[in-house]
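Working notes, structure below.
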Amino acid sequence: MFAVLKTGGKQYRVQSGDLLRVEKLAAAAGEKVQFNEILMLGGDSPVVGAPLIDGACVQAEVIDQVKGDKVIHFVKRRRKHGSQRTKGHRQQLTLLRVTDIMDKGADKSGVKAAIGAGSVSGAAVVSDGQYAKNKTQQAEMSKRVTKGQADEKSAETKAAPKKAAKADAGADDLKQLSGVGPALEKKLHEAGVTSFAQIAAWSEADVAEMDEKLSFKGRIEREGWVEQAKELTKG
């Protein structure tokens, strides 16, 4: 029997006894964790979730907290006052051994839920009441999205000009950054970014977050916005 689980934004096909490296979890070596987002169970009678399978789970034992292979990131700007930069990165991972695949009873197992290291660690042990509460909240949210999608889009459309107008008051001209036009400037304003000082203070984590949130596809580092913002702040 195998299962397809989801964690850290990725999907993994696992069987009992498999060693698995996933995005870092908030768990120490020797602890047992449980993955509740199961997309598929395979075997004699395969089951596919819609999108998840109710009551199914995969349990695993944490072996160690490790790092992935080093990745080299090189950026070069071909301009009169261009710059180049080389960075290395090793992703933090958790090494696991899959111990059990269950097609039901996830809410009664009492095993700590697998939570990402950057998530709130309040959902430790899955109890009957908490499991039911989570399912109810998911159902209510799905219902609100289905019924109120048109109203929400209409409200966002009406609110957008107000946000933009508020951001324009006393904001820096972000179009001075390389590759930033009116459309990208509007996106940044809507995300609450209105000054060069904010961009200059971004850490690597902030850059990655904004890149993903606004679908910039690496533009921030490629264009060197942080360095440009620092220079513009000095000026």
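The values are calculated or read from the model by the stated rules, or taken from the named source; none is laboratory data. Keep in mind the model is a prediction, meaning the values are calculated, not measured. Glycine also receives a Cβ, built like all others from the backbone with ideal geometry; neighbour counts cover every protein chain displayed.
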Counting only helices (runs of 4 or more DSSP H) wholly inside region 178-235, the ones holding at least 3 residues that are of a type outside the set (Val, Ile, Thr) and out of contact with any helix residue (DSSP H, G or I) (no Cβ under 6 Å at 6 or more places or on another chain) are 182-190, 204-213, 219-223, 225-234
Does Asp64 satisfy the condition of being farther than 30 Å from Arg219 by Cβ and either in the same structural domain as Gly218 (by TED's automatic domain parsing) or out of contact with any strand residue (DSSP E or B) (no Cβ under 7 Å at 6 or more places or on another chain) (or both)?
-> no
How many residues of region 8-34 are of a type in the set (Ser, Thr, Tyr) and under 21 Å from Asp69 (Cβ atoms)? The answer is 1
Heads up, the strands (runs of 3 or more DSSP E) in region 35-84 (entirely inside) with at least 2 residues that are of a type in the set (A, V, I, L, M, F, W, C) and surrounded by 13 or more Cβ atoms within 10 Å (Cβ to Cβ) are 38-42, 57-67
If you go through Ala159, Ala155, Ala167, Ala150, the only one that is buried (at least 16 other Cβ atoms within 10 Å of the Cβ), at pLDDT below 70 and more than 29 Å from His81 (Cα to Cα) is Ala167
Here the residues within region 4-43 that are more than 20 Å from the chain's Cα centre (by Cα) and over 17 Å from Asp100 (Cα atoms) are Ala28, Ala29
By residue number, the members of region 1-23 that are surrounded by fewer than 18 Cβ atoms within 10 Å (Cβ to Cβ), under 11 Å from Ala114 (Cα atoms) and in contact (Cβ under 8 Å) with a residue 60 or more places away in the chain are Gly8, Glu23
What about Ala27, is it surrounded by 13 or more Cβ atoms within 10 Å (Cβ to Cβ), modelled with pLDDT under 95 and in a loop (DSSP other than H, G, I, E, B)? yes
For region 44-66, pairs from a residue that is farther than 17 Å from Val98 by Cβ and among the small types (Gly, Ala, Ser) to a residue that is buried (at least 16 other Cβ atoms within 10 Å of the Cβ) and at pLDDT 90 or above, with Cβ under 6 Å and 6 or more apart or across chains, are Gly49/Leu39
Could we say that Gly110 is at positive phi and at pLDDT 85 or above here? yes
